[in-house]
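Chemist: Let me give you the structure first, and then I'll get to my questions.
Every read-out reported here was derived from the displayed coordinates using simple, explicitly stated rules and does not represent laboratory data. Keep in mind it's a predicted model, so treat the numbers as computed, not measured. Here the Cβ is made from the backbone with ideal geometry for all residues, glycine too, and neighbour counts use every protein chain on show.
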4 protein chains.
Amino acid sequence: MGHTIKDKKRILARVNRLKGQLEALATAVEADQDCYKIMQLLASCRGALHGLMGDIINNHIREHIVEAANKTDASKAGDELIEIMESFWK
Amino acid sequence: MGHTIKDKKRILARVNRLKGQLEALATAVEADQDCYKIMQLLASCRGALHGLMGDIINNHIREHIVEAANKTDASKAGDELIEIMESFWK
Amino acid sequence: MGHTIKDKKRILARVNRLKGQLEALATAVEADQDCYKIMQLLASCRGALHGLMGDIINNHIREHIVEAANKTDASKAGDELIEIMESFWK
Amino acid sequence: MGHTIKDKKRILARVNRLKGQLEALATAVEADQDCYKIMQLLASCRGALHGLMGDIINNHIREHIVEAANKTDASKAGDELIEIMESFWK
């Protein structure tokens, strides 16, 4: 069995909230709303996405590295986290 | 008339692509996919959101600051950009 | 004359404070301090660097785009800002 | 003994390089150089700081979480990493 996401319900609620924020953004762009308003909506989407990422990465650290069944699994999950984080330091 | 978004069609296409990526993310979470896969999908969403933000902010600089009708409008649009960007330096 | 930095004294004070933080970081690494302490010092350096960047970019928007002598100068300064910001959306 | 940084020499070389970049930045500000040049130097500093953070965080994951002597230590190091990363998702 692969590594799955704990607290699936909470994660899905966060993804859906973010989808709702993107729909509000699309509506605002469609309605030719003020560019400032659009940028504010985008900044909220970014905040929500970062919150979601923090949530999933914390879960990964706790469930798949710290609580790994053995050192091989912990090491693999550690490498996965490092690979994902490389994209944030660029 | 407020400051609207030029190239609305391109912007909406980007928003819709990002919504599609979030739907793929929700599906992967629902299907109990591997946490690593979930993190990769999230990293793509982040890349797409940053691309969208860059697009809208560039438009704001060009249309609403550089090409403002007068200095009062340019100054207001400059303050708006500064306010939005404050959230990125935290 | 090129575009220079207003409030040079304040900017230099910020750069020097950041240099001091980096020296504290080097000392902590030299002294084999706890990795957690090192990461906290790094997070402070990052906060200080972002504050400095926000300061300089705000100055650029106000002095070199909004208050540009003419549209050609504003446009050049706008392009410069866009180029710098591209590196943040990656 | 606390958790120390492996590859101390490489880390210190990175910190010193970053200090050199900050000195170049201070010199450029002192010399009233073009704002665009200043922003480019700042963007390089940010890149160098992110590289350094990636290096130290990777070391923390590998040495202090994956290779922890026991689950208590791994858990403590995991919580430290989560706390540090919270500051990046804001």
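Chemist: Find the chain D residue whose Cβ sits closest to the rotation axis that carries D onto A, and give that distance in whole Å.
Modeler: D:I65, 3
Chemist: Taking the Cβ of A:A48 as the centre, find all other residues whose Cβ is under 9 Å away and add up their charges (Lys, Arg: +1; Asp, Glu: -1).
Modeler: Neighbour charge sum, excluding A:A48 itself: +3.
Chemist: Can you give the local net charge around C:R14? Use residues other than it whose beta-carbon is closer than 12 angstrom to its beta-carbon, Lys and Arg +1, Asp and Glu -1.
Modeler: Counting the neighbours of C:R14, the net charge comes to +3.
Chemist: Quantify how strongly other chains surround peptide D:66-73 by giving the mean number of their Cβ atoms within 10 Å of each of its Cβ atoms.
Modeler: 3
Chemist: Helix B:8-30 against the longest principal axis of chain B: what's the angle in degrees, Cα atoms only, rounded to the nearest 10?
Modeler: The helix B:8-30 is inclined about 30 degrees to chain B.
Chemist: In sequence order, what are the phi-derived ³J(HN,Hα) couplings for the range D:70-87 according to the Karplus relation 6.51 cos²θ - 1.76 cosθ + 1.60 with θ = phi - 60°, rounded to whole Hz, with x for glycine and proline?
Modeler: These are the phi-based 3J(HN,Hα) values: 7, 5, 4, 5, 4, 5, 4, 5, x, 5, 4, 4, 4, 4, 5, 5, 3, 5 Hz.
Chemist: Around B:K71, with a cut-off of 14 angstrom between Cβ atoms, what is the net charge of the other residues, counting Lys and Arg +1 and Asp and Glu -1?
Modeler: Net charge in that neighbourhood comes out at -3.
Chemist: Give, rounded to the nearest 20 debye, the magnitude of the charge dipole that the protein assembly as shown has about its Cα centre when Lys and Arg contribute +1 at Cβ and Asp and Glu contribute -1 at Cβ.
Modeler: So the magnitude is around 0 debye.
Chemist: Among the listed pairs A:K9/A:K37; C:K9/C:K71; C:K9/C:K76; C:K37/D:K76; A:K37/B:K8, which have their C-alpha atoms separated by more than 19 angstrom in this model?
Modeler: Among A:K9/A:K37; C:K9/C:K71; C:K9/C:K76; C:K37/D:K76; A:K37/B:K8, the Cα-Cα distance tops 19 Å for A:K9/A:K37; C:K9/C:K71; C:K9/C:K76.
Chemist: How large is the dipole of the range B:29-90 about the Cα centre if only Lys and Arg carry +1 and Asp and Glu carry -1, each at its Cβ, rounded to the nearest 20 debye?
Modeler: 180
Chemist: Report, for B:R17, each distance to the same residue's label point in the other copies, shortest first and in nm; define the point 7 Å along Cα→Cβ.
Modeler: Ordered by distance, the counterparts are at 2.7, 3.3, 4.0 nm.
Chemist: Okay, moving on. Convert each backbone phi in the range A:52-61 into a coupling constant with the Karplus relation 6.51 cos²θ - 1.76 cosθ + 1.60 (shift: θ = phi - 60°), then list the ³J(HN,Hα) values in order as whole Hz, x for Gly and Pro.
Modeler: Those phi angles translate into 5, 4, x, 4, 5, 5, 4, 4, 4, 4 Hz.
Chemist: For peptide B:12-22, what's the mean number of Cβ atoms from other chains within 10 Å of each residue's Cβ?
Modeler: Mean partner-chain Cβ count within 10 Å for B:12-22: 4.
Chemist: Along each principal axis of its Cα atoms, how long is chain A end to end? Whole angstroms, biggest number first, please.
Modeler: Projected onto the principal axes, the Cα atoms of chain A cover 55, 32, 15 Å.
Chemist: Amide H neighbours of B:Q33 under 5 Å, at least 5 residues apart or on other chains, H built in the peptide plane: list them.
Modeler: Residues meeting the criterion, in which the H sits 1.01 Å from N, do not exist here.
Chemist: If you don't mind, there's one more thing I want to ask. Applying a 10 Å radius around every beta-carbon, put B:66-78, B:45-57 in order of their mean neighbour count, most first.
Modeler: B:45-57, B:66-78
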